[in-house]
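The values are calculated or read from the model by the stated rules, or taken from the named source; none is laboratory data. Predicted model, so just to flag it, every value in this text is computed and none were measured. As a convention, Cβ positions derive from the backbone with ideal geometry for all residues, glycine included, and neighbour counts pool all protein chains shown.
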Amino acid sequence: MRVLVVKTSSMGDVIHTLPAIEDATKAIPGIKFDWLIEEGFQEIPAWHDSVDKVIPIGLRRWRKSWRKTFLSGEIKLFLKRLRDNKYDVVIDAQGLIKSAVPAKFAHGVLCGFDKSSAREGMAARFYDRKFAVDKSLHAIERVRRLFALSLGYEYQNISPSVKLNLNAGLEEKKGFLFLHGTTWPSKHWPDESWLELGKLLKEKCEAIYLPWATGQEKDRAEWLGKELNISVLPKLSLTEIAELMLKAKAVVGVDTGLTHLAALLDVRSIGIYGSTDVGLTGAMGVNHKNLKSNFECSPCLSKNCNLLDVDTLLPPCYQEITAKNVIDLGFINE
């Protein structure tokens, strides 16, 4: 059986899809997947043995200049590549108009969430087969159930797990990896909290790794590096960061795709949550723990905090989550 998976972004959503790939691989011998994904994340599907072809799409880039992209012929070439293969099943695991439209161009029976289950109900109009999956379930469970319904195997209600082709290395695990970057302003743990955590770890002679991807993240990493007198990592690929996770003693991160990856890889990891809902989209893993705020409006699910004023520069929900809280979870002395 050959299946096309459509899950373009964000990174966390992409990571949430890997357990479903693993479920289907175990349930259907010989199944192979192609994956339609945002070009910036195309490294990720290739980590799984059951993924054959990765088909990148540049929606984020195209939106900046649709006319230029259309005239260049890039969209035409993309559609040709998408339609070069015939699939037994196409699964839109995202449930958005932006994923349903390109999925409709692929050759195969298009499956997805029904109107009441999809993130955008209008997306269901594009599907040949539609399935109801409870919106109150965690995102990982929703995708796993959608795959089972679409591909006709019985869903197994067991903890999600996945085996990926990454080099873990043989050396002793050491150091803490700080995943300090994320997209929403409301998801950022205060810089001063990262600094305090770094100081506490240095007192215990622990190494600290500071990766970065954007200019803003690089500035934060360099500030932390200067304050802690440690080196900042060079810009790494997603694969290089994933392999560094496997070699680290533990990972501390905000609500970002890389934190979800650390949890999925069963790395000792901690997720810090203020504005987003741990129950619906929190990182999950056997060696993962989440610290969530109990502030009165948390989780607000807002990209920007509505309580900020001239005297407050940071979301107040993070005042409840301190560096000591991270230390107290016990990963440092294990």
Worksheet item: What is the residue count in segment 6-32 for residues that are over 24 Å from E240 (Cβ atoms) and touching a strand residue (DSSP E or B) at 6+ places or on another chain (Cβ under 6 Å)?
Response: 2
Item to complete: Answer yes or no: is there a residue in segment 257-276 that is surrounded by fewer than 20 Cβ atoms within 10 Å (Cβ to Cβ), hydrophobic (A, V, I, L, M, F, W, C) and either within 18 Å of the chain's Cα centre (by Cα) or on the phi > 0 side of the Ramachandran plot (or both).
Response: no
Item to complete: Would you check if there is a residue in segment 26-33 being over 22 Å from A123 (Cα atoms), modelled with pLDDT under 95, within 26 Å of the chain's Cα centre (by Cα) and not hydroxyl-bearing (S, T, Y)?
Response: no
Worksheet item: Does R119 qualify as being in a loop (DSSP other than H, G, I, E, B) and either free of Cβ contacts under 8 Å to residues at least 60 places away in the same chain or of a type in the set (A, V, I, L, M) (or both)?
Response: yes
Worksheet item: Could you list, in sequence order, the residues of segment 101-116 that are assigned to a helix (DSSP H, G or I) and in contact (Cβ under 8 Å) with a residue 60 or more places away in the chain?
Response: P102, A103
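Name the residue that is surrounded by the most Cβ atoms within 10 Å (Cβ to Cβ), counting only residues in segment 45-58 that are under 22 Å from G95 (Cα atoms) and in contact with a strand residue (DSSP E or B) (Cβ under 7 Å, 6 or more places away or on another chain).
First, pick out the residues of segment 45-58 that are under 22 Å from G95 (Cα atoms): 45, 51, 53-58.
Cutting the leftovers down to in contact with a strand residue (DSSP E or B) (Cβ under 7 Å, 6 or more places away or on another chain) gives us 45, 51, 53-57.
Working: P45: 25, V51: 20, K53: 16, V54: 17, I55: 21, P56: 16, I57: 22.
Looking at the filtered set, the residue picked out is P45.
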Worksheet, complete the sentence: Every listed condition ((1) modelled with pLDDT of 95 or more; (2) under 30 Å from L244 (Cβ atoms); (3) surrounded by fewer than 20 Cβ atoms within 10 Å (Cβ to Cβ); (4) polar (S, T, N, Q)) holds for S116 save (2)
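Of the residues that make up segment 120-140, is at least one outside the structural domain of L96 (by TED's automatic domain parsing) and of a type in the set (K, R)?
No, segment 120-140 has no match at all.
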Fill in: Test: residue in segment 203-212 that is surrounded by fewer than 17 Cβ atoms within 10 Å (Cβ to Cβ) and on the phi > 0 side of the Ramachandran plot
yes
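Going by the conditions given, is E227 touching a helix residue (DSSP H, G or I) at 6+ places or on another chain (Cβ under 7 Å), surrounded by fewer than 20 Cβ atoms within 10 Å (Cβ to Cβ), on the phi < 0 side of the Ramachandran plot and in the same structural domain as N304 (by TED's automatic domain parsing)?
Answer is yes for this residue.
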Fill in: Residue pairs meeting the criteria (Cβ under 8 Å; at least 6 apart or on separate chains; first at pLDDT 90 or above, in segment 43-72; second in a loop (DSSP other than H, G, I, E, B) and of a type in the set (V, I, T))
H48/V162; S50/I31; I57/T8; L59/T8
Worksheet item: So how many residues does segment 298-334 have that are at pLDDT 90 or above and surrounded by 14 or more Cβ atoms within 10 Å (Cβ to Cβ)?
Response: 10
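Could you check segment 122-144 and list, in sequence order, the residues that are more than 16 Å from V3 (Cβ to Cβ) and not in a loop (DSSP other than H, G, I, E, B)?
Within segment 122-144, the subset more than 16 Å from V3 (Cβ to Cβ) is 122-126, 130, 132-142.
Within segment 122-144, M122, A123, A124, R125, F126, K130, A139, I140, E141, R142 qualify.
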Worksheet item: If you scan segment 1-29, which residues turn out to be surrounded by fewer than 19 Cβ atoms within 10 Å (Cβ to Cβ) and without any contact (Cβ under 8 Å) to a residue 40 or more places away in the chain?
Response: K26, P29
Worksheet, complete the sentence: Across segment 148-188, the tally of residues that are touching a strand residue (DSSP E or B) at 6+ places or on another chain (Cβ under 7 Å) and farther than 19 Å from S10 by Cα stands at 7
